[in-house]
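Peer 1: The structure that follows is given in the form of structure tokens.
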Amino acid sequence: MTDTLHKHIADSGQFLSQLASRITYLIDIIGDGSWFDLEKLLEEVQQVRNAIFDLPEKELFKRMLMLEDRISILEDRAAREITPARMVNIVRSVQRFTLQDILENVYDSFTELGGEEDCNIDPAIVVARATISRRVKKRIHKHQVMVIGHEKGMGEEYRNGGCAKPWGNDKALRYMKVAETEGIPIHFLIFTPGSYPIEDFPGAAQQIARNIYAMCKLEVPTVSFISEGGSGGAEAIGLADFRLMASHGYYSVISPEGAAAIEGKIREGGKVPRELVEKCARQLKMTARDNLGLGTIDRIVHEPPLGARKDDYDFFRRLRFEMIRATDEVVLRTKSFRTFRAYALKKQIAKDYGSSDTFDVHIPWRLSEKETERLLENRSRKYRSMGQGYTELKKESLIDLHKLRDKTRETITRTYYEIKYGLLKPHKKNVQKVLEEVTGEGAAFLAKITEPVKAAVDFLSGPDGEQRLLSDENQHTSIFSREWEQYVSPLANEDRTVTCPNAAKYGCMDLWVPDLYGEFCGVCPTCGHHFPLEYQWYLQNLFDRGSVKEFNRHIVSGNPLKFEGLDARLNRDMQRTGRRSGIITFKASVLGVKIVVAMLYSNFRSGTVGSAEGEKFLRACDLARTRRRPFLAYIHTTGGIRIQEGTLGVIQMPRCTMAVREYVDSGGLYIVVYDNNSYAGPVASFLGCSPYQVGIRSSRIGFAGPRVIRETTGQDVPPDYHSARNALRRGHIQGIWDRRDFRKNLHDALMTMGGPNLYYK
Amino acid sequence: MKKEKILIANRGEIAIRIMMACEDLGCDYIVVYTHEDRESLHVRRAREKGPGKRTYRIASYKDPNEIFAVADQAGATAIHPGYGFFSENFRFARRATMRTRPITFIGPRWEVIRDLGSKINTKKVAKSLGIPVIPGSDSPIYSEIEAEALAEELFLQQREQGIRAPSVLVKASAGGGGMGIEEVQHLDTFRRVYRRIQNYAKRQFGDEGVLIEQCLRDYQHIEVQLLCDRHGTVTHFGTRNCTIQSTGRQKRVEVAPGFDPEVWDYSFDSLRVLKDITGHSVNLAREVGYDSAGTWEWVVTRDGRPYLLEVNTRIQVENEISACISRIRGREDTPVNLIREQIRTALGEKLGFTQKDIYFEGTSIELRIVAEDVKRGFAPWCGTITRFEFPQRPWARLYSHVPADKPYNIPTEYDPNLALAIIWGKDTGEAVERAGEFLLGSNIEGHNAKGEPVITNLAYLYDRLDDVLRF
């Protein structure tokens, strides 16, 4: 200690200011200056600093020593008492390392692309061509990589705290493509509290969706490192083959304050109690260890006990080692030579960062065509299975049966449809007759195989949901039900009038409710305003009568993180709706065209997406692919990702996008129709990436609601900011449909759009 | 008649005629009026009727919510819509019937209003009964090839009939009121017009369906008056000729019966045609289960071919000329009143007579006296009426909402109709003569804001009397 001290005698001032910054760092972490009188301690340090020249040297050293002792003790204590909320504070501290530090210390040299500092299209996103080097037995090997990340630029206003604007994410995407063209790996470094929620072109949600969609099939190895992973903003550059995370970072669906405001139903501008924030931080399972446990990240990069700061050079060395190792792993998994791969992998992976940061072998990062194919397969498998273990099925004892049934069915149907459309189609004309026979026999064959299993399942779980779907919707009666045979909304059963919200503008007369919700389909005949209708209306009026056949009812929304209070809310929604998740997936036909539909609806947890919803969506998408049917995502309403599922919810974004991308690439037709309110995660991923997105009139589409925009950007948005018209104006959607023309327009779209692989093409 | 209270949801002379019919039947009634109509006779008459509130001011005659609110407030049991406004609005009728406190809608069942309100549907049903309709499509066409083939056929047919300048009309099927209609005179130009109308229809109505029919030019406009009850009785009250119209296709002089071979020589058997179209009209009424007063509109071409145009499921302005020439055996001392009969049947009563009991006598002419400038395209005239005098004759009846005892401002919000005169004569000659006498004896004075004298169509009506029933 005295040695260290003597080194600093020459500059006691500097030593004292270091002590001061250690204290402020502690205050940052604890978030409370009164913790063990930290503020007083800071004052003391300042006093000593002011008195450097007045105090006798001995006295000065003594006091400095004492102070350092006290600080060290407090630091130890703080390190032992790190809570998830304090981790968030660490990440937000101005003393934490930023992307700039990594570029300077982890990489050898770098060239910023697309702007520098404030002369930049979006200073929150930094892209750089960088060189990273490894030592193998005294030889230095250099790798070229593309580094894409967020720069929080502590203290630099123009960086916007690492919140990427839509065009920033667009810049990221452009350089991903450059890396792809040049065949160099990409390192994504994630330091963002979230995306900047503005809708200006290219649009927050749409751009994130585009990025995720592109990253699904980016033909180069990708590695991401998360220090601050704020939901959608993180996903915009987060879909990588290997995901690293800083041990003191957080990766979460929402900030703990945001979650607390929602959980505590805090009104705008109201104070969120600190206990609630801490509780939410804990419950959201946002730490590196939690995420590793959930399988949403692959490895943790360890930081010093109180987190790495700008001058933790040892940490940077470790990070360099980990980045290289992760890239190696991704590359090695694509190698066809099995033994070599196994050997090298074992060697490289088993080796952990220790005293040395040298490598045993050099692995070039350029991939052959075959390897690229395998890279994409691996990536697809990785995301498709991510978090899958947390999906709840209806009854524990039935899991295996269902799995067995699904698997058998899946294999058989795939073969069957491949024969039907893949092999036979080219000779269709000649073998038309044979084909029909095959089809008939095929169905019989299929039934023979699956029926026994199905019967067993039905016996145990009651009849499958398909019939139930129609019967329980038909219970209500309407005054028009005799006159109009088709379904009439139960909203119509009231003898009263409502006022159209546009009455002042267009002079619409008050509407008699039975007319409005009956004959008018909930549309004001004067101005065309669409009043919301329940999702059942669409089930009954959009598809051919009796064609709706629901599947995967046994996948049930659960509470994987054991989030307090969620179980009760799920139960309540299940009782109220008679359904078990926020999504309905079914087969149906529209004027004779068979399609697969995924429908997010409002009555169940506001149509939020969690593991079960993601799983059902993914399966529906895959079903559409194997059956070569068009795939419609009808969004009655979605409130985003279900925050109570934490990152298990967030990863549904890349997961489902992966399924969608593979479906679209296979030559299908993916149409998204937004109704009522569609916001956040799903719009910024598997919905927003669709080439055909349409809004129903009077719907609202966007990334974040007006309140979140106000709170994060300080801007007030006009009331029609998220309206379908404005979404169309910004190019987010391709058209606006009137509810009354939905069926016709959908059929037109089915007949005229989509890839070559649809069964009727 | 049991305790009925009828809300009269209309204005002007029809409101007055409904009031009179109510008084005839011994029913109580209430009227609604807007601020502009506060001086109208229909309000004054209701106010002066006796104790009890009978007048309710509303903001618009067109807002159903207000009408129903008044009906509930006043405890009305039935609503008479008159003509225009809600008279052919099946939604209004449906709402009246289906609301928690149902109110009798004086008119046909709402299903009938809806089904006959659609010209396409009417045409389809008529065709199935062998009733002649204007040649053309009886459902919207969406395919260009189909449309062109039909147009070609229509041109061919017209040539075969010896029509020198054949033409077809292309209409937007969702359109109405003359919007989205174009005439095609050469088959070569058809495709272009078709596409234009199709695009227009798609843009304007969101439905690109198009109708195609033969364009008729030289015809008489004949109507058949029907009266049915809710117990299956179907009767007709003869025909009317409404060919004399303003340039905006507004009727000005109507005559009952539809033709008079005693006065004019027609190139076809006019009585036979009238008999045919009444027969067809009755058939259609039976088919759809018609249960109120209604008018079947026909056109008759110069060669005597009748075509059903549409059905008006309401009481019409000119209903009284049919009543005027009709007699019911055994009830000759009470004049026929179709409005009264309409109310009676709507309230569920039986007609109490059949077609056999109805016979006709003489000719009746209706003159629509309007403040309009005939020389300037029938432009409406606005101002104040200071003098409003008509001859008192036993063979003439006058209906007007314009008070004769004090100046009256014509509200600019509504059509400047001033009065209806109904003239009867034992034959057409006498009726025309009396109509002339009546017009010459009428005296309307007034001025507008600039002090210019009133302009009416009295002289125009007088001139057109020469054309009565002439083809």
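Peer 1: Only one of A:ARG661, A:ARG655, A:ARG642 is under 25 Å from A:ASP241 (Cα atoms), in contact with a strand residue (DSSP E or B) (Cβ under 8 Å, 6 or more places away or on another chain) and charged (D, E, K, R). Can you tell me which? Walk me through it before giving the result.
Peer 2: Working: A:ARG661 fails: in contact with a strand residue (DSSP E or B) (Cβ under 8 Å, 6 or more places away or on another chain); A:ARG655 fails: in contact with a strand residue (DSSP E or B) (Cβ under 8 Å, 6 or more places away or on another chain).
Exactly one of A:ARG661, A:ARG655, A:ARG642 is under 25 Å from A:ASP241 (Cα atoms), in contact with a strand residue (DSSP E or B) (Cβ under 8 Å, 6 or more places away or on another chain) and charged (D, E, K, R), namely A:ARG642.
Peer 1: Which one of B:LEU150, B:LEU41 is within 30 Å of B:GLY279 (Cβ to Cβ), away from chain A (no Cβ under 14 Å) and over 21 Å from the mean Cα position of the chain (by Cα)?
Peer 2: Values: B:LEU41 fails: within 30 Å of B:GLY279 (Cβ to Cβ).
Only one candidate passes the filter, namely B:LEU150.
Peer 1: Among (1) away from chain A (no Cβ under 14 Å); (2) of a type in the set (Val, Ile, Thr); (3) within 25 Å of the chain's Cα centre (by Cα), there is one condition B:ILE67 misses while meeting the rest; what is its number?
Peer 2: Here B:ILE67 meets the rest and fails (1).
Peer 1: Given the criterion assigned to a strand (DSSP E or B), more than 30 Å from B:LEU458 (Cβ to Cβ) and in contact with a Phe, Trp or Tyr (Cβ under 8 Å, 6 or more places away or on another chain), identify the matching residue among B:LEU216, B:LEU227.
Peer 2: On the way: B:LEU216 fails: assigned to a strand (DSSP E or B).
Of B:LEU216, B:LEU227, the one residue that is assigned to a strand (DSSP E or B), more than 30 Å from B:LEU458 (Cβ to Cβ) and in contact with a Phe, Trp or Tyr (Cβ under 8 Å, 6 or more places away or on another chain) is B:LEU227.
Peer 1: Going by the conditions given, is B:THR313 touching a helix residue (DSSP H, G or I) at 6+ places or on another chain (Cβ under 9 Å) and among the hydroxyl-bearing types (Ser, Thr, Tyr)? Spell out the reasoning first.
Peer 2: Details: touching a helix residue (DSSP H, G or I) at 6+ places or on another chain (Cβ under 9 Å): yes; among the hydroxyl-bearing types (Ser, Thr, Tyr): yes.
Against the criterion (touching a helix residue (DSSP H, G or I) at 6+ places or on another chain (Cβ under 9 Å) and among the hydroxyl-bearing types (Ser, Thr, Tyr)), B:THR313 qualifies.
Peer 1: Do any helices (runs of 4 or more DSSP H) entirely within region A:26-136 hold 1 or more residues that are surrounded by fewer than 16 Cβ atoms within 10 Å (Cβ to Cβ) and not assigned by TED's automatic domain parsing to the domain that holds A:GLU303, and if so, which? Write out each step before concluding.
Peer 2: Values: elements: A:38-50, A:57-80, A:84-92, A:99-105.
Correct list: A:38-50, A:57-80.
Peer 1: Take B:ILE79 and decide whether it is within 23 Å of the chain's Cα centre (by Cα), at pLDDT 95 or above, surrounded by 15 or more Cβ atoms within 10 Å (Cβ to Cβ) and within 14 Å of chain A (Cβ to nearest Cβ).
Peer 2: Details: within 23 Å of the chain's Cα centre (by Cα): yes; at pLDDT 95 or above: yes; surrounded by 15 or more Cβ atoms within 10 Å (Cβ to Cβ): yes; within 14 Å of chain A (Cβ to nearest Cβ): no.
No, not satisfied.
Peer 1: Still on this structure: Which one of B:SER167, B:SER173 is hydroxyl-bearing (Ser, Thr, Tyr), modelled with pLDDT under 90 and surrounded by 15 or more Cβ atoms within 10 Å (Cβ to Cβ)?
Peer 2: B:SER173
Peer 1: Considering only residues that are among the acidic types (Asp, Glu) and within 14 Å of chain B (Cβ to nearest Cβ), which ones fall in region A:711-756? Spell out how you get there, then give the answer.
Peer 2: So the first thing to find is which residues in region A:711-756 are among the acidic types (Asp, Glu), and the list is A:711, A:716, A:720, A:738, A:741, A:748.
Listed by number, the residues that qualify are A:ASP738, A:ASP741, A:ASP748.
Peer 1: Given (1) touching a helix residue (DSSP H, G or I) at 6+ places or on another chain (Cβ under 7 Å); (2) without any contact (Cβ under 8 Å) to a residue 60 or more places away in the chain; (3) assigned to a loop (DSSP other than H, G, I, E, B), where does B:GLU413 come up short, assuming only one miss?
Peer 2: (2)
Peer 1: Quick test for you: out of A:ARG80, A:ARG134, A:ARG139, pick the one residue that is without any contact (Cβ under 8 Å) to a residue 60 or more places away in the chain, more than 20 Å from A:GLY238 (Cβ to Cβ) and not aliphatic (A, V, I, L, M). Can you show your working first?
Peer 2: On the way: A:ARG134 fails: without any contact (Cβ under 8 Å) to a residue 60 or more places away in the chain; A:ARG139 fails: without any contact (Cβ under 8 Å) to a residue 60 or more places away in the chain.
Checking each option against the conditions leaves just A:ARG80.
Peer 1: Another one. Which of (1) touching a strand residue (DSSP E or B) at 6+ places or on another chain (Cβ under 6 Å); (2) assigned to a helix (DSSP H, G or I); (3) in contact (Cβ under 8 Å) with a residue 12 or more places away in the chain is the odd one out, the single condition B:TYR29 does not satisfy?
Peer 2: (2)
Peer 1: Let me confirm something: among B:PHE86, B:PHE90, which residue is within 22 Å of the chain's Cα centre (by Cα), more than 9 Å from every other protein chain (Cβ to nearest Cβ) and over 26 Å from B:LYS3 (Cβ atoms)? Can you show your working first?
Peer 2: Details: B:PHE86 fails: over 26 Å from B:LYS3 (Cβ atoms).
The match here is B:PHE90.
Peer 1: How many residues does region B:50-64 contain that are more than 14 Å from chain A (Cβ to nearest Cβ) and either within 29 Å of the chain's Cα centre (by Cα) or acidic (Asp, Glu) (or both)? Break it down into steps so the answer makes sense when it comes.
Peer 2: Residues of region B:50-64 that are more than 14 Å from chain A (Cβ to nearest Cβ), as a first pass: B:50-57.
Next cut, either within 29 Å of the chain's Cα centre (by Cα) or acidic (Asp, Glu) (or both) only: B:54-57.
Of the residues in region B:50-64, 4 are more than 14 Å from chain A (Cβ to nearest Cβ) and either within 29 Å of the chain's Cα centre (by Cα) or acidic (Asp, Glu) (or both).
Peer 1: Residues that are among the hydroxyl-bearing types (Ser, Thr, Tyr), crowded, with 20+ Cβ neighbours inside 10 Å, within 14 Å of B:ARG240 (Cα to Cα) and not assigned by TED's automatic domain parsing to the domain that holds B:ARG397: does region B:303-314 have at least one?
Peer 2: Checked region B:303-314: no residue is among the hydroxyl-bearing types (Ser, Thr, Tyr), crowded, with 20+ Cβ neighbours inside 10 Å, within 14 Å of B:ARG240 (Cα to Cα) and not assigned by TED's automatic domain parsing to the domain that holds B:ARG397.
Peer 1: Now a separate question. Check B:ILE343, B:ILE325, B:ILE277 and return the single one that is aliphatic (A, V, I, L, M), closer than 22 Å to B:ASN10 by Cβ and buried (at least 22 other Cβ atoms within 10 Å of the Cβ).
Peer 2: Numbers: B:ILE325 fails: closer than 22 Å to B:ASN10 by Cβ; B:ILE277 fails: closer than 22 Å to B:ASN10 by Cβ.
Selected residue: B:ILE343, the only one of B:ILE343, B:ILE325, B:ILE277 that is aliphatic (A, V, I, L, M), closer than 22 Å to B:ASN10 by Cβ and buried (at least 22 other Cβ atoms within 10 Å of the Cβ).
Peer 1: Kindly indicate which of A:GLY194, A:GLY203, A:GLY232 is of a type in the set (Gly, Ala, Ser), at pLDDT below 95 and touching a Pro at 6+ places or on another chain (Cβ under 8 Å).
Peer 2: Details: A:GLY194 fails: touching a Pro at 6+ places or on another chain (Cβ under 8 Å); A:GLY232 fails: touching a Pro at 6+ places or on another chain (Cβ under 8 Å).
Within the list A:GLY194, A:GLY203, A:GLY232, the selection yields A:GLY203.
Peer 1: For region A:497-518, which positions are among the polar types (S, T, N, Q) and either in a strand (DSSP E or B) or within 13 Å of chain B (Cβ to nearest Cβ) (or both)? Before the answer, list the steps.
Peer 2: We begin by selecting, within region A:497-518, every residue among the polar types (S, T, N, Q); these are A:497, A:499, A:502.
Within region A:497-518, A:THR497, A:THR499 qualify.
Peer 1: Another question about this same structure. Given the condition surrounded by fewer than 17 Cβ atoms within 10 Å (Cβ to Cβ), free of Cβ contacts under 8 Å to residues at least 12 places away in the same chain, not polar (S, T, N, Q) and not assigned by TED's automatic domain parsing to the domain that holds B:ILE339, answer yes or no: does some residue in region B:35-48 qualify?
Peer 2: yes
The values are calculated or read from the model by the stated rules, or taken from the named source; none is laboratory data. None of the values given here were measured: they were computed from a predicted structure. Counting neighbours? That spans all protein chains shown, and the Cβs are built from the backbone with ideal geometry, glycine included.
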